[in-house]
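The values are calculated or read from the model by the stated rules, or taken from the named source; none is laboratory data. From a predicted model like this one, the values you see are computed outputs, not experimental measurements. Note that we place each Cβ from the backbone using ideal geometry, even for glycine, and neighbour counts take in every protein chain shown. Surface accessibility is based on the protein's heavy atoms, side chains included, excluding ligands, DNA and RNA. Shrake-Rupley method; radii C 1.70, N 1.55, O 1.52, S 1.80 Å.
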Amino acid sequence: MSLSNTVTLTQQDNIGFIEVYNAPVNALSQSVRAGILAGIEWANSRADIDAIVIGCKGSTFIAGADIKEFGQPPIAPSLPTVLSAIRNSKKPVTAALHGTVLGGGFELALSCHYRIAMIGTNVGLPEVKLGLIPGAGGTQLLPRYIGLENALSMITSGNMASTDTMPDLVDMQIDEGTSGLKNAEKPEHAPIVNRAAISFAAGTASDPFLPPQHRRVPPSIKDVSFDEWRSKLAKKAKGQFAPQRAIDAIEAATLRPFDEAIKLERRFFLACRDSEQSASMRYAFFAEKQSAAAYKPSTISSNISSISVIGAGTMGIGIAIAFIDAGFNVTLVDTTEEQCSLGLKKIREHYEKMHEKGRISIAEKQQALSLMSSTYDYGKLADIDLVVEAAFEKMSVKKMIFSSLDAVCKPSTIFATNTSYLDINDIASSTTRPELVIGMHFFSPANIMKLVEVVKAKSTSEDAVNAVMNIAKQLRKVPVCVGVGFGFVGNRMYAAYGREANMLLLEGASPEQIDSAMEAWGMAMGPLTVNDMSGIDIAYKARREYPPIYNDPAYFRAADVMVEHGRLGRKTGAGFYRYENGKRLADPTTLTLVAAEAQKLGIEARQISDEDIQKRLVLALVNEGANLLEKGIARNVEDIDAIWLNGYGFPRFRGGPMYYAKSVGTKLIIENISYFHLSENKPWWEPSAYLNKM
Ligand code: 3H9
């Protein structure tokens, strides 16, 4: 029987089986909520039904509320109404879980009287990642099953956990013995777990049962220090509203009866849902998916299985690990046998560490190691499908590598360069296959950072772009396609941001003041700390390869002075800061060196407020982003925001620099940028024409 567009009910003997199918992730849109509620009510009204099962078709059980519906007028029934009907059902309800059971989907599972899970099922309450808290009982029910400490950790981080490690949550686990098989060879999980849940429900149909909130004793306030959690989260999730409300809601579980506490949870949820922070984070969720979604599946990418990474430095090793993690065969290439062995040793050590930390099994470690090899002989790369070059950042070096590869690789091999700044059109000209030359700009550490800028050069074919976007998706990255220009999109904007940080130093702000102002605004790390970590000399050298288009004697002079005094950052023990035993310390020498340079340039020191620092740096980003949109180097505002969220630690609760500008109002942004243009008299502060189009 059809209960709604997305939910059906079938009767199997005395069991009512409610099945949801709302591709791709069975999100709880209105028709799903209405269908499930109708199913529960119908089954409760029937004398020939003794128990109910809720299961899903497709690759996963319900992965949460339908995020697209937030921000639109709500349509009944609400999720709390549906879950209250499940908890209060006179017939026991069993959830049949597989895939990723998230958010409202996990709350639905917690509201059932029993749970059956396929081995390897992941559960989680990721609402804080959307600026929300669980709004349908998650903060009340989860602590009753896994304890306060574990529930606080799961809910405030939004991280998933495997039901394999949660025996108190799951009444029965299903293992069809498929663990040795590759994903493509495994049978579909949904029918297996749904069948098992129906048999389980038949076996327990006549047993007495309790509503889930009464199945276990409520958590005790004595078990954790909520204030410690509050101050820990104030640091870790600085500036964020939702994690603190999640703690309040979980605390309520220890202080109030279930029916009262769940009302309080709902109030907190609605306050979060209607906040600007949640609107920004929901925008971010879709912004980072739209970029990859715009590129067609490619026939080339499905034929790519062997990768060669050129350069066994830090970046090359990170890139090699990213590919190995996704199951690709990787040949690491460097100039000597010794360099190659050193590179392989570092990769081996990485997987050994992962195994020691319990993150991968011994079999997974061995599988990863079996995928790596190395050579210093280009002749062995003839059959490689994709080359990713991560060698020294110098045009002559890159051209030499690509022309040598061109002579030996098969005609279909795609050549990707990881260059951060160099002109890929120029690199492509050193080959006979410019249509297959592309940028694949990873961020360090490449196996961890999500962002990959996929750079389309003048002659790169659509096929090659589609292939590389798809390969990056297989690495579980956030790929964003951009055009050629100094620093592409991310680093080009970072240069504008860094340029202002450097000017502020010359005007009298200290590195600590600049960094702490930006961190207080929400950036994961201040710009000068980042510069010290990545090495001040890298952008210094890039500036020499690409001289600035504007003639400004103060341009990046604070950074240049550091390099001229051998202060390259953390790696030399000093940069904008000094480092002792890995600890970052303020360094008066920096102030002296920068003040002397400012004097030479005739720049007077002045008092600068934190607010001025924040405004100037963020507006520099916004104006440069708009310039890139005007030039067509960036495709749309969402792409820029996805880049900044995933590559530069931009605060997700502000959506991204361009979303932030739109939310403040472009009129005000243009006024402020115009003010800098007039008062600073710098050509780069001229408001971008694109700002009026946003
Ligand atoms: C919540 O539940 C609140 C409740 O506590 C209270 C309510 C009262 N809604 O990521 P993928 C789309 S808050 C709508 O590429 P994967 C996604 O946009 C919610 N759409 O696949 C994409 O669309 P397209 C808590 C959604 O296999 C497509 O599905 N839940 C939703 O790499 C495939 O997505 C979450 O936060 C959704 N909830 O990963 C879960 N989820 O093809 C968020 C996905 O048009 N979702 N889509 O680009 C995820 O974490 C991942 O999508 C998931 C699958 C792990 C499920």
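Values computed for the structure shown
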quantity	calculated
Rg over Rh [alpha-carbon atoms, Kirkwood Rh] for the stretch 635-694	1.01
Protein accessible area in the chain, 1.4 Å probe - carbon and sulfur %	52 percent
The stretch 270-380: translational diffusion in µm²/s, Stokes-Einstein, Kirkwood Rh over Cα pairs, 20 °C, 1.002 mPa s	128 µm²/s
³J(HN,Hα) computed for each position of the stretch 443-457 - Karplus, 6.51 cos²θ - 1.76 cosθ + 1.60, integer Hz, glycine/proline x	10, 8, x, 5, 7, 10, 5, 6, 6, 10, 7, 9, 9, 8, 8
By average C-beta atoms within 10 angstrom, highest first, the peptides 113-124, 403-414	113-124, 403-414
Filter on Lys57/Lys477; Lys129/Lys450; Lys394/Lys473 - keep pairs with C-alpha separation over 23 Å	Lys57/Lys477; Lys394/Lys473
³J(HN,Hα), Karplus 6.51/-1.76/1.60, whole Hz, each residue of the stretch 530-535, x for Gly, Pro	4, 4, 5, 5, 7, x
Where chymotrypsin sites (Phe, Trp or Tyr not before Pro) fall in DSSP loop in the stretch 530-576, at most 16 other Cβ within 10 Å	Tyr550
Label-to-label distance, nm, for residues given as Lys68 and Glu580 (7 Å Cα→Cβ offset)	5.8 nm
Farthest toward positive dipole pole in the chain [+1 Lys/Arg, -1 Asp/Glu at C-beta], among Leu619, Leu28, Met469	Leu28
For the stretch 116-255: rounded, prolate or oblate by the Cα gyration tensor [a/c cutoff 1.5]	oblate
Solvent-accessible area per residue, Å², over the chain with all protein chains present [probe radius 1.4 Å]	42 Å²
Low-density loop cleavage sites - trypsin sites (Lys or Arg not before Pro) in the stretch 336-367, where at most 15 other Cβ are within 10 Å (DSSP)	Lys357, Arg359
Unit Cα scatterers, Debye sum, the stretch 305-483: log10 I(q)/I(0) for q = 0.15, 0.16, 0.17 Å⁻¹	-0.79, -0.90, -1.02
Cα-based Rg of the chain normalised by 2.2 N^0.38 Å, two decimals	1.06
Unit Cα scatterers, Debye sum, the stretch 7-273: log10 I(q)/I(0) for q = 0.08, 0.14 Å⁻¹	-0.30, -0.93
Over the chain: helical MRE at 222 nm, DSSP H runs n ≥ 4 each giving -39500 (n - 2.57), nearest 500	-15000 deg cm²/dmol
From phi via Karplus (6.51, -1.76, 1.60), per-residue ³J(HN,Hα) for the stretch 427-441 in Hz, x at Gly/Pro	4, 4, 5, 8, 10, 9, 10, x, 5, 10, 9, 8, x, 9, 8
Point-charge dipole on Cβ atoms (K/R +1, D/E -1) for the chain, about Cα centre, debye to 20	400 debye
By average C-beta atoms within 10 angstrom, highest first, the peptides 297-304, 502-509	502-509, 297-304
Distance histogram in 10 Å bins (all Cα pairs of the stretch 603-669, percent per bin)	20, 50, 21, 9, 0
Cut-off under 5 Å, modelled amide H: who pairs with Val455 long-range	Gly439, Met440, His441, Val482
Packing-based order for 310-319, 89-98, 658-667, using average beta carbon neighbours within 10 Å, highest first	89-98, 310-319, 658-667
Cα-based convex hull volume of the stretch 490-693 per residue, rounded to whole Å³	118 Å³
